[in-house]
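Remarks on the structure that follows.
The values are calculated or read from the model by the stated rules, or taken from the named source; none is laboratory data. Remember, it's a predicted structure, so these values are computed and weren't measured experimentally. Counting neighbours? That spans all protein chains shown, and the Cβs are built from the backbone with ideal geometry, glycine included. Heavy atoms of the whole protein, side chains included, go into the accessibility calculation; ligands, DNA and RNA do not. Shrake-Rupley method; radii C 1.70, N 1.55, O 1.52, S 1.80 Å.
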2 protein chains.
Amino acid sequence: MRLLAALVLTATFAAGASAQEALWGKAPVISPEINSDGTVSFRIDAPKATEVKLTGDFLPVKKIDTPQGSIAVRPPAELQRSSDGVWEYTTPQPLSPELYSYSFIVDSMRTLDLANVYISRDVSTVNNIFLIPGERASLYAVHDVPHGNVSKVWYHSDGLGTDRRMTVYTPPGYNGSDRRYPVLYLLHGMGGDENAWSELGRAAYILDNLIAAGKAEPMIVVMPNGNVSQTAAPGETADGFVPATLKRPKTMEGTFETYFPEIVAYVDSTYRTVAEKHGRAIAGLSMGGFHSLHISKQYPDMFDYIGLFSAAIDHYTEHSEIYDDFEGKLDRQFEAVPALYWIGIGKTDFLYPSNEKFRRHLDSKGHKYTYYENEDGHIWRNWRIYLTEFVPLLFR
Amino acid sequence: MRLLAALVLTATFAAGASAQEALWGKAPVISPEINSDGTVSFRIDAPKATEVKLTGDFLPVKKIDTPQGSIAVRPPAELQRSSDGVWEYTTPQPLSPELYSYSFIVDSMRTLDLANVYISRDVSTVNNIFLIPGERASLYAVHDVPHGNVSKVWYHSDGLGTDRRMTVYTPPGYNGSDRRYPVLYLLHGMGGDENAWSELGRAAYILDNLIAAGKAEPMIVVMPNGNVSQTAAPGETADGFVPATLKRPKTMEGTFETYFPEIVAYVDSTYRTVAEKHGRAIAGLSMGGFHSLHISKQYPDMFDYIGLFSAAIDHYTEHSEIYDDFEGKLDRQFEAVPALYWIGIGKTDFLYPSNEKFRRHLDSKGHKYTYYENEDGHIWRNWRIYLTEFVPLLFR
């Protein structure tokens, strides 16, 4: 078949140097490979390397001492070179079901696994990803179930004087019905953006799977951009292909919270929503948990369901009227008794102490909340877990 | 600010081995850097490497002889090592405005530039990308203009018995108006999927910018998946994170064309469309040009605007009724005189001869078409150019 051969050649040569290899070289390596016994093999073709390591969030944890104190790290694993120059590492044990990320270190240089086209960006770091399905992690996989749609939507903020981008999930069946749906507003953390929950958080897959299993109500999920200094994710603004950075101005100083009702008004006027308190939830991770806490108490008639995932509680960076009268606003919010006030945190999270203090305050006031504590710290693995725990409790 | 410091540490440690570097090592390199004179510098920190090269679609072309005949390639450029182990290459000349892609080759191993988080996948190859704005390439950049929304939409195909995914661009102003819009159906090539035109083709940015400049009518753009053997792009199906491949079954054998009216029916019933022939265009690249040619002549009352971009014309892989009576169907299509029949191809495209033959046939029959010929071959750079030429001619 001449055409296909020509197309293959064209595509291969477009990739430049790898063309020679593809034409006359050895077969491309398979990596990662999930073996039948549940172990995973990683391979990279680096014939001239003298040392190849693997870093990944599935490797064993070790405590190390740093000038900043003791920190848990996962030391890289060493790959072994075979005679054909392909390096390989196989995990000693089967990996538990989870979405994992990894990269290689070839002669001290970090590199991605280019045999694996699945790459995700977390703030300014790109990693390869792979999924071991099973148990809870099956919720992160794509299944043959009805899928919701995921849209990148621009709305206008009068308060910020600009158009801004959000991600909107509409549940299966939204198109082609007249039904109204409740809305979960789902907020990202510092350094994140409107892509974080759909990409790293697997939110659309989690919603699809929970809805298909009858474990969650069909709902709209709105994932706005919580950085008022940016209109959209890196690369999606007139700034061009700028480096992604964690440090941004104006993250936890009241502006996002002040103009949040604009987002709700836009969503209620654009989508078929249940435009009432009992049809709205708000949740977020880290900075987004901070935003959810302060937005929900600032506008106590807006949200009936609140989720704080590893929330930064009261770590504002500048004073704002939003943060004044913390206890009084919280009292008024709880006077109406929220349908759900949910707090989730990992035992080793650096925000554990401030969450503990917040819970003590809620306890002292008799404010009722649901508490979920688990292992690990301030990581996406936990935020996916919290989402799968939180969503089934909404709008029931 | 303790919280931010902790968040930075957390994010850094999540990346594993790069943590040590970030804490105590040298500053991260800047790459690529567009210099004030228009040249571009590429850098990579590879202290133990003995040879570092750069491959990219902006490097000079050279003809090489292969067993398959003479092929134009772009030999890699060599980077120079500085005393701190950072390797660097600066283009000798300023680069023309364009969206470029590149990767490094470190000691014979291909690697991405991890200082640049902008990565795109073309079939099974990932590359870093960067954009030199200016001239036509300004249409590929994000500007402060009203933006359309881009959605990943699932529709049901009765013919294929499954849900399938498409990308839908709705123009600025679509939400919040009652206006009906014409629709461009935009089809990808072999190995591509429903993400190709929006990611590699920069279709949404091109539409935003042309509409904002008054050079294109506001329109909906529907980018379906043209591989009937897959429901969605790699990673978006129940197959899991499978390798992306160019070779798929059932690509140019009539099935996609047969069930294309389902897509049009879904779009007309879901969006506010001008649901008539004069409100519909169809265009595609390579295999998508083949699909556009055969769909538009099979259903001569469906599309008034047809665009063949480097089209594979008559390279079907299996017989189908769709391909029968080629000349007769074409005659009937042209009897009604399409508002636009547009053909674009590059001079070095391997499909140039079959396009030339097709044009001779159209000429012999007196079928009118618009022809656009330019440099280069079967590459995304050309397909972006063709889109910017084609879209302003639609629905006027």
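Over 10 Å intervals from 0, what percent of Cα-Cα pairs in chain B sits in each interval?
Spelled out bin by bin, chain B gives 4, 20, 28, 25, 14, 6, 2, 0 percent.
Tell me the net charge near A:E356. Cut-off is 15 Å between Cβ atoms, A:E356 excluded, with +1 for each Lys or Arg and -1 for each Asp or Glu. Numbers along the way, then the final one.
Details: positive: A:K347, A:K357, A:R359, A:R360; negative: A:D314, A:D349, A:D363, A:E373.
So the surrounding residues net to 0.
Leaving ligands, DNA and RNA out of it, rank A:K63, B:K62 by accessible area with a 1.4 Å probe, largest first. Before the final figure, lay out each step's value.
Numbers: A:K63 145, B:K62 115 Å².
The residues order as A:K63, B:K62, largest area first.
Beyond a 29 Å Cα-Cα separation, which of these cross-linked pairs lie in this structure: A:K53/A:K250; B:K250/B:K297; B:K247/B:K347?
Details: A:K53/A:K250 39 Å; B:K250/B:K297 20 Å; B:K247/B:K347 26 Å.
Too far apart for the 29 Å limit: A:K53/A:K250.
Rg and Dmax of the range A:86-138, using alpha carbons, in Å: what are they?
Computed over the Cα atoms of the range A:86-138, radius of gyration and Dmax are 12.6, 37 Å.
May I have the pair-distance distribution P(r) for the range B:257-396, computed from all Cα-Cα distances with 10 Å bins from 0 and rounded to whole percent?
Binned Cα distances yield the sequence 12, 44, 36, 9, 0.
By the gyration tensor of its Cα atoms, with a ≥ b ≥ c the square roots of the eigenvalues, what is the shape of the range A:315-396: rounded for a/c under 1.5, prolate for a/b over b/c, or oblate?
Working: a/c = 1.81, a/b = 1.24, b/c = 1.45.
Oblate, because a/c is 1.5 or more while a/b does not exceed b/c.
Quick check of the Kirkwood formula: for the range B:238-277, what is the inverse mean of 1/r over all pairs of different Cα atoms, in Å?
Values: mean 1/r = 0.0764 Å⁻¹.
Kirkwood radius, the range B:238-277: 13.1 Å.
Report the residue, chosen from B:I295, B:I64, B:I379, that carries the largest GNM mean-square fluctuation when chain B is represented by alpha-carbon nodes joined by springs under 10 Å.
In the Gaussian network model the winner is B:I64.
Go through B:A213, B:P300, B:V391 and say which Cα lies farthest out towards the positive end of the charge dipole of chain B; charges sit on Cβ, +1 for Lys and Arg, -1 for Asp and Glu.
B:A213
Counting other Cβ atoms within 10 Å, which GluC sites (Glu not before Pro) in the range A:339-377 have at most 14 and lie in a DSSP loop?
Working: sites: A:E356, A:E373, A:E375; in loops: A:E375.
Those that pass, being in a loop and sparsely packed, are A:E375.
Starting at the first residue of the range B:73-83, write each ³J(HN,Hα) from the Karplus equation 6.51 cos²θ - 1.76 cosθ + 1.60 with θ = phi - 60°, in whole Hz, x for Gly and Pro.
10, 10, x, x, 9, 9, 8, 9, 8, 9, 5
Under Stokes-Einstein, with the Kirkwood radius over Cα pairs standing in for Rh, what whole-number D in µm²/s applies to the range B:74-205 at 20 °C and 1.002 mPa s?
Values: Rh = 18.3 Å.
Using the Kirkwood radius from Cα pairs, D works out to 117 µm²/s.
How many nm separate the modelled label positions at B:Y259 and B:K365, each set 7 Å beyond the Cα in the direction of the Cβ?
The modelled label-to-label distance comes out at 2.8 nm.
How far, in degrees from 0 to 90, does helix B:203-212 lean away from the longest principal axis of the Cα atoms of chain B, to the nearest 10?
80
Could you work out which residue, out of A:D107, A:D57, A:D37, moves most in a Gaussian network model of chain A, that is, has the largest mean-square fluctuation with Cα springs under 10 Å?
Largest GNM mean-square fluctuation: A:D37.
Please report, in whole Å³, the volume per residue of the convex hull around the C-alpha atoms of the range B:109-157.
Working: hull volume 8.7 nm³, N = 49.
Convex hull volume per residue, Cα atoms: 178 Å³.
Could you state the angle between the C-alpha long axis of helix A:352-365 and the longest principal axis of the C-alpha atoms of chain A, as a value from 0 to 90 degrees rounded to the nearest 10?
20
Can you list the equivalent-ellipsoid semi-axes of the range B:267-343, largest first and in whole Å, using the square root of 5 times each Cα gyration tensor eigenvalue? Before the final figure, lay out each step's value.
Details: eigenvalues 87, 41, 31 Å².
Largest first, the range B:267-343 gives 21, 14, 12 Å.
Just how many % of Cα pairs in the protein assembly as shown lie over 35 Å apart, if you round to the nearest whole percent?
Value for the protein assembly as shown: 49 percent of Cα pairs lie more than 35 Å apart.
Where is the GNM fluctuation largest for chain A (alpha-carbon springs, 10 angstrom cutoff): A:R74, A:R381, A:R180?
Taking springs between Cα atoms under 10 Å, the residue moving most is A:R74.
Quick one: grab Rg to one decimal and Dmax as a whole number for the range A:200-299, Cα atoms only, in Å.
Considering the range A:200-299 through its Cα atoms, Rg and Dmax are 15.3, 43 Å.
Relative contact order of chain A: what whole-number percent is it, with Cα pairs under 8 angstrom and at least 6 residues apart? Please list the in-between numbers first.
Numbers: 754 pairs, mean separation 44.9, N = 396.
That works out to 11 percent.
Measure off, as a whole percent, the carbon and sulfur share of the 1.4 Å-probe accessible area of chain A, all protein chains present.
Carbon and sulfur: 50 percent of the exposed surface of chain A.
Can you work out the PRE-style zone for B:E335? Point 7 Å along Cα to Cβ, and I want the residues of the range B:252-287 with backbone N under 15 Å.
Within reach of a label on B:E335, which here means backbone N under 15 Å from a point 7 Å along Cα→Cβ, the range B:252-287 contributes nothing.
In Å², nearest 100, what accessible area do chains A and B bury in total when the solvent probe is 1.4 Å?
7100
Can you show me the helix-derived [θ] at 222 nm for the protein assembly as shown, built from DSSP H runs with n ≥ 4 at -39,500 (n - 2.57) apiece and divided by the number of residues, rounded to the nearest 500.
Numbers: 20 runs with 192 residues, N = 792.
Roughly -7000 deg cm²/dmol at 222 nm, from the helical runs in the protein assembly as shown.
Shape verdict for the range B:49-108, please, from the Cα gyration tensor: rounded (a/c under 1.5), prolate (a/b greater than b/c) or oblate. Please report the intermediate quantities before stating the final value.
Working: a/c = 2.71, a/b = 1.43, b/c = 1.90.
Judged from the Cα gyration tensor, the range B:49-108 comes out oblate (a/c at least 1.5, b/c at or above a/b).
Keeping every protein chain in place, order A:Y185, B:Y372, B:Y259, B:Y118 by accessible area at 1.4 Å, biggest value first, i.e. largest first. List each step's numbers first, then the result.
On the way: A:Y185 0, B:Y372 55, B:Y259 85, B:Y118 25 Å².
Sorted by accessible area, descending: B:Y259, B:Y372, B:Y118, A:Y185.
From the protein chains alone at 1.4 Å, what is the descending order of accessible area for A:K250, A:K368, largest first? If you can, show how the numbers build up before the last one.
Numbers: A:K250 95, A:K368 160 Å².
The ordering from most to least exposed comes out as A:K368, A:K250.
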